[in-house]
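A short worksheet on the structure shown next.
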């Protein structure tokens, strides 16, 4: 049997990656590094929406708790880390680049764990309205983490940490 969620996840990830390659990646430069990171952090601050996996109105009864709790709490922590990163950047405080690293490493690990647990515990049939999170939202988050890593490695040197 074909797993529709996996197909949606893969195609949406490719779509977001293609959009970033065509429209964003060609415009990256040291001058725009933080200008691109700030909206990415704002986007990831909405990961509190992962808490929907704990909401009976958003998911069907029977959603495996082995998936729901790690996915919900992992997303919530990622949102908090994004907010802390944004605060450090906007206030021009020390440690901002390191905090963005922590946020993005956590964020990618959280998404990888959630995808793995959703697959291992067959969460798809119980996702209800929350299905759009892994089918559409997670691919966008994955691609913005990719962009963040590119910026951190290639475009955000020590001279931009002030």
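Here is a list: 49, 81, 88. Which entry is under 22 Å from residue 10 (Cβ atoms) and either surrounded by fewer than 21 Cβ atoms within 10 Å (Cβ to Cβ) or at pLDDT 95 or above (or both)? Among 49, 81, 88, only 49 is under 22 Å from residue 10 (Cβ atoms) and either surrounded by fewer than 21 Cβ atoms within 10 Å (Cβ to Cβ) or at pLDDT 95 or above (or both). Please determine whether any residue of the range 110-120 is over 30 Å from residue 3 (Cβ atoms), surrounded by 15 or more Cβ atoms within 10 Å (Cβ to Cβ) and out of contact with any helix residue (DSSP H, G or I) (no Cβ under 6 Å at 6 or more places or on another chain). No. Just one residue in the set 73, 24, 63 is touching a residue at least 24 places away in the same chain (Cβ under 8 Å) and either part of a helix (DSSP H, G or I) or surrounded by fewer than 16 Cβ atoms within 10 Å (Cβ to Cβ) (or both); that residue is 24.
Considering 106, 101, 132, 156, the condition of being touching a helix residue (DSSP H, G or I) at 6+ places or on another chain (Cβ under 7 Å) and modelled with pLDDT under 95 is satisfied by 156 alone.
Here's the yes/no breakdown for (1) more than 14 Å from residue 70 (Cα to Cα); (2) in contact with a strand residue (DSSP E or B) (Cβ under 8 Å, 6 or more places away or on another chain); (3) touching a residue at least 24 places away in the same chain (Cβ under 8 Å):
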residue	(1), (2), (3)
111	no, no, yes
116	no, no, no
119	no, no, yes
124	yes, no, yes
127	yes, no, yes
137	yes, no, yes
140	yes, no, yes
143	yes, no, yes
148	yes, no, yes
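The values are calculated or read from the model by the stated rules, or taken from the named source; none is laboratory data. Note that this is a predicted model, so its numbers are computed, not measured. Here Cβ is always computed from backbone atoms with ideal geometry, including for glycine, and neighbour counts include all displayed protein chains.
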